[in-house]
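Input: a single structure, listed below in structure tokens.
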There are 2 protein chains.
Amino acid sequence: MYIVHVFVHVKPEAIEAFKSASQENASHSLREPGVARFDLLQESEDPTRFVLLEVYRDKSAAASHKETAHYARWRDAVEPLMQEPRSRILYQNIQPADEGWG
Amino acid sequence: MYIVHVFVHVKPEAIEAFKSASQENASHSLREPGVARFDLLQESEDPTRFVLLEVYRDKSAAASHKETAHYARWRDAVEPLMQEPRSRILYQNIQPADEGWG
């Protein structure tokens with residue numbers, strides 16, 4: 001699997017707009033064949049901070065995601081909502097193993 | 001859901017020992033009724049850094065986890081393997097909603 005965690009810090013007044021745009025993006029992304037999970041979590045102690053947990057079958061699936069219309073819409077919609085540029089960490093899965101992602 | 005991400009930085013020589021102890025802990029934890037997921041990921045660009053993605057049904061399930069024998073074994077096993085104290089961030093789920101965690 002090819003796993004990307006994207007850390008987003010939004011403006012306080014943009015929390016709901018960010019959630020809405022990201023849920024729309026997640027629902028479309030989950031229909032991509034190379035996407036195993038596309039979770040969105042909000043920090044309990046700072047609701048302006050979010051993490052997207054993107055689990056792709058492989059690196060090419062991550063590249064394909066960036067070519068979709070829903071990704072482009074999300075990227076443009078959230079750009080003015082952020083307090084600072086988003087950051088990312090790449091991960092490999094130890095648990096579950098590749099066959100455990102459904 | 002009550003979601004905890006635990007960030008662990010291990011000594012370079014302790015990577016395999018940490019993975020082994022953590023996979024053992026994950027397999028037991030997944031049998032707890034209040035645990036929905038218990039993933040272990042390793043950073044692609046720094047294999048000494050890991051994140052545990054612990055998804056509990058509620059806060060009391062997280063407390064119950066800390067009372068198990070497998071948690072105590074894991075805590076004691078990984079203590080000497082770490083470069084620095086582990087840190088954690090609490091999250092709430094936006095996507096999937098509560099009913100989407102199986």
Quick check on the stretch B:1-24. Is at least one of its residues part of a strand (DSSP E or B), over 26 Å from A:GLN42 (Cβ atoms) and among the β-branched types (Val, Ile, Thr)?
yes
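Here's the yes/no breakdown for (1) among the small types (Gly, Ala, Ser); (2) modelled with pLDDT of 95 or more; (3) more than 14 Å from B:HIS5 (Cα to Cα):
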| residue | (1), (2), (3) |
| --- | --- |
| B:GLN23 | no, yes, yes |
| B:SER29 | yes, yes, yes |
| B:LEU40 | no, yes, no |
| B:ALA72 | yes, yes, yes |
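Across the stretch B:15-26, what is the number of residues that are at the interface with chain A (Cβ under 9 Å from one of its Cβ atoms) and of a type in the set (A, V, I, L, M)?
Residues of the stretch B:15-26 at the interface with chain A (Cβ under 9 Å from one of its Cβ atoms): B:19, B:22-23, B:26.
Applying the additional criterion that residues be of a type in the set (A, V, I, L, M) yields B:26.
Of the residues in that region, 1 qualify.
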Might you check whether a residue that is within 24 Å of B:GLU54 (Cα to Cα), part of a helix (DSSP H, G or I) and of a type outside the set (Ser, Thr, Tyr) occurs anywhere in the stretch A:34-42?
no
Every listed condition ((1) crowded, with 21+ Cβ neighbours inside 10 Å; (2) over 27 Å from A:GLU99 (Cα atoms); (3) not hydroxyl-bearing (Ser, Thr, Tyr)) holds for A:PRO12 save (1)
Quick one: how many residues across the stretch A:76-98 are surrounded by fewer than 17 Cβ atoms within 10 Å (Cβ to Cβ), within 14 Å of chain B (Cβ to nearest Cβ) and either in contact with a helix residue (DSSP H, G or I) (Cβ under 8 Å, 6 or more places away or on another chain) or in a strand (DSSP E or B) (or both)?
4
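Are any residues in the stretch B:86-102 over 14 Å from the mean Cα position of the chain (by Cα) and at negative phi, and if so, which ones? Write out each step before concluding.
Our first condition is that a residue be over 14 Å from the mean Cα position of the chain (by Cα); within the stretch B:86-102, this holds for B:92-102.
B:GLN92, B:ASN93, B:ILE94, B:GLN95, B:PRO96, B:ALA97, B:ASP98, B:GLU99, B:GLY100, B:TRP101, listed by residue number.
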Residues in the stretch B:81-88: is at least one in contact with a strand residue (DSSP E or B) (Cβ under 6 Å, 6 or more places away or on another chain), among the basic types (Lys, Arg) and in contact (Cβ under 8 Å) with a residue 24 or more places away in the chain?
yes
When the stretch A:15-64 is examined, which residues are found to be surrounded by 18 or more Cβ atoms within 10 Å (Cβ to Cβ), closer than 20 Å to B:ARG37 by Cβ and of a type in the set (A, V, I, L, M)?
A:ALA26, A:VAL35, A:ALA36, A:LEU40, A:LEU41, A:VAL51, A:LEU52, A:LEU53, A:VAL55
Flagged in the stretch B:57-68 as within 14 Å of chain A (Cβ to nearest Cβ) and more than 29 Å from B:LYS11 (Cα to Cα), in numbering order, are B:ASP58, B:LYS59
Close pairs from the stretch A:27-56: first facing chain B (nearest Cβ under 10 Å), partner modelled with pLDDT under 95, Cβ under 9 Å, at least 6 apart
A:ARG37/A:TRP101; A:ARG37/A:GLY102; A:VAL55/A:TRP101
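The values are calculated or read from the model by the stated rules, or taken from the named source; none is laboratory data. None of these values were measured; they are calculated from a predicted model. A quick note on method: Cβ atoms are made from the backbone with ideal geometry, for glycine too, and the neighbour counts reach across all protein chains shown.
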